[in-house]
Structures are given as structure tokens and as C-alpha cells.
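To start, the structure under review is shown below, and the notes come after it.
We did not get these values from a lab; they are worked out from the coordinates using the rules stated. On a predicted model such as this, the values are computed, not experimentally measured, just so you know.
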Ligand code: PEP
Ligand code: MG
């Protein structure tokens, strides 16, 4: 249980490197004991400071050196870029020119000299002044160029004050990484490193940092206020990803005790391996498809390893994050083809690009997507809205998917649909692409299945209408909870209110399931609730046909399924819909859990 925020704050205000317990949010299960490496975001690292007169010119030189390094960095990026990407090349060229633009360069140097302030502060002040000027420009095209200036300034400021990226790539494990937050780009960079765990200040259970940590199988605790200031690189900690606790400078006895918990947990995981090859059905014969959520083609191996019956969610946006530009059609096609062929004949659900909110790649700023400039990114240019606006980018992805559709059973999944007209726009784009492919004599499956994610309340309300137009639903509870309860899924301050078992959420799920079944289509659920043994029984009781989760959770949920009786689950489903709040639902569930999962649910 997470204590309330005041209590948490009070505890975190304790200072010193004495033994100390920090309380956060359990982001990814598992226990590790190890040394930490603190990485701070550059933005957090600098404040304003006044320079002695004799230090001013040295500061100007430091700034000029950062300008040169930024130029070199961008030129290096240009070199990596293929020559046929003319648009990208011209954007990089314009950024290279901008680094030495007088607006940025001269203004920053003048501020350093006149106000005797540090370069980081002068640079951000210069940016503020430029922004004011741009805000008054009537021509929206020119006004939008501010995003490019900001991009260049961010790179400059990174060169000035941060060693974050270098530290990340140098982080020769085994270490527990500590930061205010990790972006999906960061986590991808870390994939090859020996990282024992993550501790962050920001984030909630369904933030993408948590999702990626779980899919990497790395324990994580999030929402630890001030952790980057409380801890120092080299400190030893115990990270308990089950309870969301972190023990700073633990005693040898405490370390031994936690290593023993870890051993028990591993033994239990070994026992779960028995379930991998068994069918996923209840004792009274109800079959439920348990499929995998993955982010990269490289995870194909784990899909087989844990006995998934297909891919229920391929988060295609992650292929857009590990490089500095938009992947081209052939690259995407090759990925989708290998994915489909690797899983055939089981289905592969590929979700179209879902960027925005907390999923972002720096180069997307060029397409007008910049969470720093949006007043409310979660309600802004996200997901299908971005794809429909950037139609060339979207068409490239849809063409790649259709071309791959002959290699297995493809299901195209559209994220964040909030109205029928959005769906119809995508449908007509798909029809036009099919027509083009036909003309070009390129093979594809014209009967490819198309489904939508149910993750905003308007889609639930319109579920009967939408169900008539698609082949399947996939409920994205991570967002459905965020949008229906008005809780930012990545915000640690309201994380304690993020309640998957809120009866409002459960009634929405039930409504979507009923609407889909009336139209004779299936409903999958691919939010984090699907892989959580606390919430999975409720979902089964509400009639979900497929649960899609991180592959390593599949044996866990299958064990639960194989010990359950559908009649009882359905009774449970009916009861939860009558509950007044999430607490009441949780009470109903207590009888299922400690008996089956002694290590996870044991009191500590
Ligand atoms: C969801 O919203 O539940 C979902 C599966 O999508 P994502 O977590 O990628 O937003
Ligand atoms: Mg979502």
C-alpha cells in the first residue's frame, strides 16, 4: 500500500545517507540489491548563478564550445542520414544553420556578458525572448518554426549541462538507474545494458517507463519524490518492485532477507514455467486467448518462450524511437513481415503509430509534435489524430502493413478513436491504399481485419455504432482509466487515485463488451490490467475474449485461469458492477489472491 502523499513527503524530507525507507509506486515487480547510478535531466540540473567578473569570458567560451559540439553532432546526424531522404536532410541543414543564428548565439552571449549569468540560464532566457517575438507573428507557418529553434536550443543546452546520454551509454552495469524520468528513447538505449532496476521521481503504473521496464523484466519503483537529490551515485539500495519500497543504505541483515525473498520469487517463477505449454482454459472449459504485448521485433523470442497465442498489441511507435528519423516503407514492411511470419498462423495485432503524450521522439518536433509546447499533451495532438494530420507518414505505415498482410494473420488496430468519422477517414485511406497497391500489382490481403482501441469514454458510449464498422475491439484500459477518471497516468501526485477497479471503469468495459458481442465481434483487452492477477479475474468475469499482456505475465495469468471456474468468474463480474467503489471491489477479490500467489501478496 502506498501511504498518502503527506506521509510520503514527510519521510522523504529526511536527509543523510542513514538507513532510510522511501515509499513509491510499484512500477515493475522483482527485487534487487545493488549500487545506484544517478542520471538527472539537464533541465533539472541548472539554476541561475551569477558569475564573478573574471569568469564571464570563460563562460562565453564554454558556450561557444557547446555551439561547436552541437554543430558537430548535427553534422554527424546528417552523415548517417540516407541521401534519398531529401526532406530530412534539408531540415537537419536548417538546424545546423540555426545553431549559429544571431538570434540564439549573439543574444545568449550578450546576456552572459551583460547580466553575468551562466550560459544555461542565458540560453533559456534568450529562448524566452525569441518565443515572445514569435508569438506575435501572424503567419502560422513562420510561427511554427519556433519548434525548430527550440529543438536546436534543447540540443545546445544538452551539450552545455548534461552528460545524461553519455552516462547512459557508458553505464556499464550492473547498476540501478535513478532519474527524474526515463523516456522511451532512453529505455531503448538501455536495452543492451546490464541494468538491474529503475528508480524514478515521475511516473505512474501505466506510464510508458513502467510498461517498458516490465517488458524488459527489470524491477522498478516510480514516483519517488526527490530521489535524485536524496541519493548519490554509488549508494547501495534494496529495490522492492512488489511493494514499491526502496531501502537506502540497508543493513547486511536486511540485504540477506531481501535476497531470500528474491530467491523465493525466482523459485515461484520457475514453477510457473509448467503452465507455458498448457492450454488457457478454465476448469469448466472456457477458453480465453492469452496473447502478448510487445514493442519490438526482437521480442519475438519471448512471445514463444512464454507460450503466447499471438500478439495482441504491437506498439509500432517504438520502431520510430530508436533512430533519429521516420522509418521508410521498406524498413517497416520488413519488420511487419518478419513479425507476421514469425507468429503465423496465430494473429498479430499491429497498432498504428501512437505517439504524443509521454511517447515522443525529438525529431517528431519537425512534424509539429512537441509536448513541451502543447498545453495538455494527453488531450492534444496524440495517436490517431497525429497520424491523420501527418497523412504521408500514416500512408507509409499502412502501405507497409498491407504489403506484409500476406505473411500471416494481420489485425490492424487504430488507437484512440473517439468518433465514427475518424474511423471512416481511416477506412477511406485504407481503401485508397488498397486501390493503389492493386494498380501497382503488389500483393496484400484485401480482407485484413481492422479494429479499434476503446480508450476514450466517447468510444464506449458509441460502442454499438462503432462495433458495426470494425472486426474487433481492443480495450486500452491504461488510457481509458486516465480519460474516464481524469487522472494523468504519468503523474505521481495523483497516482494513488488511478484505480483500475473503479466501478465506472468496470462498467465501461462491460458496456463495450456487450456492444461488441451483440455485433458478433470479439473483444480483447491490452491495458496493464490484463496481466495483473489481481484484476484479470474481474476482466474474465466481464466477458473479455482475449487478454493481451507482457509475455512474462502469461504463465501467471494462465495459472489463475486454469484454477478458475467460469461460472464463479461470471458471478464475480456481476457483483463488481454493483459495487460503489474500488475498495469494495478489492475486498471481493481478497479470497482469490494470497492462496495462489504467496510470494507477491505476502505481508512484508
Ligand atoms: C492502453 O492505453 O491501455 C494501451 C494498451 O495503450 P498504451 O499503453 O500504449 O497507451
Ligand atoms: Mg493507450
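By its C-alpha gyration tensor, with a ≥ b ≥ c as the square roots of the eigenvalues, how is the range 53-161 shaped: rounded for a/c under 1.5, else prolate for a/b larger than b/c, else oblate?
Note, shape of the range 53-161 comes out oblate.
Starting from a Cα-only point model with no solvent, please compute log10 I(q)/I(0) by Debye for the range 490-600 at q = 0.10, 0.22, 0.24 1/Å.
-0.28, -1.38, -1.54
Take the range 507-556, drop everything but the C-alpha atoms, weight them equally and run the Debye formula without solvent; then report log10 I(q)/I(0) at 0.18, 0.20, 0.28 Å⁻¹ to two decimals.
Debye output, listed in q order: -0.52, -0.63, -1.06.
Output the Cα-based Rg and Dmax of the range 366-496 in Å, rounding Rg to one decimal and Dmax to a whole number.
Cα only, the range 366-496: 16.4, 54 Å (Rg, Dmax).
Express the Stokes-Einstein translational diffusion coefficient of the range 203-252 in µm² s⁻¹, to the nearest whole number, given a Kirkwood radius over alpha-carbon pairs, 4 °C and a viscosity of 1.567 mPa s.
109 µm²/s
Classify the range 281-596 from the C-alpha gyration tensor, please: rounded if a/c falls under 1.5, else prolate or oblate depending on whether a/b exceeds b/c.
prolate
Based on the inverse mean of 1/r over its pairs of different Cα atoms, what is the Kirkwood hydrodynamic radius of the range 85-127, in Å?
Computed over the range 85-127, the radius equals 11.3 Å.
What is the distance in Å between the Cα centroid of the range 274-332 and that of the range 528-575?
Between the Cα centres of the range 274-332 and the range 528-575 lies a distance of 18 Å.
Give me the Kirkwood hydrodynamic radius of the range 245-291 in Å, from all C-alpha pairs, to one decimal place?
The Cα-based Kirkwood calculation yields 13.8 Å.
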